[in-house]
Amino acid sequence: MTTFKPVDEQMDLLQKGAAEIIRVSDLRERLEESRKTGRPLRVKVGFDPTSPDLHLGHTVLMRKLGHFQQLGHTVIFLVGDYTSLIGDPTGRNVTRKPLTREQIDENAKTYTDQAFKILDRDATEIRYNSEWLGKLGYEDIVRLAARFTVSQMLERDDFTKRFQAEQPISLHELLYPVMQGYDSVALESDVELGGTDQKFNLLCGRELLRQYGQKPQIVLMTPILEGLDGVQKMSKSLGNSIGISEPPAEMYGKLMSISDDLMWKYFLLLTGLRDSEIEAMKAEVAAGKLHPMEVKKQLARTIVADFHGEADAQSADENWARMFQQRTLPSDVEKISISIREVARMDAASLRQAEGNLSMSVPIDTARLIVKLGMKASRSDADRQIRAGVTIDNEKTTQQWFTIGSRPRELTVRIGKLLKVAVIT
């Protein structure tokens, strides 16, 4: 009989990075029952192999599946080889083009290979929904479809929008959430994972389990991970993704290009750090004790190491530093000497202490620095520019301040094509 950790410990890990759980009380109750009986929960997540490569956005769900695996529960990596024939309509304003069976099989192979960079291969149950969906006859599909109404399907946000815009909705698309829900019935799922955009599909599974006389599955949803643009969902088709099979240097460079604000979400959803550890780093950055770029380099090293190993991560880190942090500046770049008193973000007593101690870390007011360099005429202009982004030492930032260590210190500041060097003394 399997021995499980106390429920509070399990809940602490399972709720990390979760956007919504339906319902938290149900999950706690199911975990309590699991501890009493020694029966692990059956936890599924489905991936339709619609393209050959996975990106970091896909791994958010895999990591959460890995949390259940760490706790001793049965995890099911479901390859939607049959639902891929329909194509998930979530977030779509047009009908997907159907894939061939050959494309699906080829993509499915790469998915399972890539998944085991995160999951324990020996402890993962890999299933294909063709196992049961392929056996359904016409009568079975009619009886299954009869469990939902057209009005229920049109409650789905993307169907509603397409219907109101008089955009076509193919009949087979209405079957997608029904088929995904039937996967849960076939697998006797206790928990199903999905992104927040999958809520309708996940709830269909919960309802179908109830109708088939099984306990309704718990639905655990994770947030949508924005891509490199920081705005839209990470997607290969949008060109804002980071593939988990990309070379280490390329992956590292892309991670260093994300905004300072977005990196905290990446820490939460793509690393094993606890909430408390992430909050502690955020507090140090806010207090000016830690530079955002150093934090982002830690993020990039951590993620690259997960997929390529520590040695490749360290090499990518060193290569990036050589290329960007130590890049030679144009010989005619203007250098301007600025005293710490003119740009420090400190009270008078701390400033006097800093002036007498050249090795003391000092928070720099970004807007003051930009004005002193003559790159903006006023504080308000500088603040607007900071919101849009300023590049300091080849790192784009939207932070109102940052920290430097010992002085004198040269800072390369770039706004568009305008480049200057501040020599902080």
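Laboratory data are not the source of any read-out in this text; all were calculated from the coordinates shown. This is a predicted model, so every value here is computed, not measured. Here Cβ is always computed from backbone atoms with ideal geometry, including for glycine, and neighbour counts include all displayed protein chains.
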### Message
Let's see if you can work this out: charge +1 on each Lys and Arg Cβ, -1 on each Asp and Glu Cβ, no other charges. What is the dipole magnitude of segment 294-414 about its Cα centre, in debye to the nearest 20?
### Response
480 debye
### Query
Residue farthest toward the positive end of the dipole of the chain, with Cβ of Lys/Arg at +1 and Asp/Glu at -1: which of SER237, ALA300, SER257?
SER257
### Query
Taking the Cβ of ILE244 as the center, what net charge do the other residues with Cβ under 12 Å away carry, scoring Lys and Arg +1 and Asp and Glu -1?
-1
### 5 Å binning of all Cα-Cα separations within segment 119-176, expressed as whole percents from 0 upward
4, 13, 19, 16, 13, 14, 10, 8, 3, 1
### Message
Using only Cα atoms and rounding to the nearest 10 degrees, what angle (0 to 90) does helix 199-211 make with the longest principal axis of the chain?
### Response
30 degrees
#### Entry: Against the rule of thumb 2.2 N^0.38 Å, how large the Cα Rg of segment 334-424 comes out
1.02
### Over the chain: Kirkwood hydrodynamic radius from C-alpha pairwise inverse distances, Å
24.4 Å
### Query
If one computes the Cα centroid of segment 175-211 and of segment 214-293, what distance in Å separates the two points?
27 Å
### Message
To the nearest 20 Debye, how big is the dipole of segment 7-222 about its Cα centre, given +1 on the beta carbon of each Lys and Arg and -1 on that of each Asp and Glu?
### Response
240 debye
### Message
Please compute, over every Cα-Cα pair in segment 248-325, the percentage with a separation greater than 21 angstrom.
### Response
25 percent
### Query
If you put +1 on each Lys and Arg Cβ and -1 on each Asp and Glu Cβ, how big is the dipole of the chain around its Cα centre, in Debye rounded to 20?
1000 debye
## Note on the structure
Dipole check, the chain, charges on Cβ (K,R +1; D,E -1), about Cα centroid: among PRO223, SER339, VAL43 the Cα furthest to the positive pole belongs to SER339
### Message
To check my understanding: the extent here is largest minus smallest coordinate of the Cα atoms along each principal axis. What are those three numbers for segment 142-271, in Å, largest first?
### Response
52, 38, 24
### Query
Which of the lysines could be linked to LYS254 by a straight reach, that is with a Cα gap under 24 Å, when you skip same-chain ones fewer than 8 residues away?
LYS64, LYS117, LYS233, LYS236, LYS265, LYS282, LYS296, LYS297, LYS396, LYS417
### Query
Let a ≥ b ≥ c be the square roots of the eigenvalues of the Cα gyration tensor of segment 7-222; is it rounded (a/c under 1.5), or, if not, prolate (a/b larger than b/c) or oblate?
prolate
#### Entry: Gaussian network model of the chain, Cα within-10 Å springs - most flexible of GLN15, GLN167, GLN214
GLN167
### Message
Among SER406, THR271, GLY181, which residue has its Cα furthest toward the positive end of the charge dipole of the chain, with +1 on Lys/Arg Cβ and -1 on Asp/Glu Cβ?
### Response
SER406
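Sorted from fewest to most neighbouring beta carbons within 10 Å, what does the list THR391, THR412, THR100 look like? Mind showing how you got there, number by number?
On the way: THR391 14, THR412 18, THR100 9.
Ascending Cβ contact count within 10 Å gives the list THR100, THR391, THR412.
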### Query
With a ≥ b ≥ c the root eigenvalues of the C-alpha gyration tensor of segment 200-292, is it rounded (a/c under 1.5), prolate (a/b larger than b/c) or oblate?
oblate
### Choice from TYR138, TYR128, TYR82 with maximal GNM fluctuation in the chain (Cα, 10 Å cutoff)
TYR138
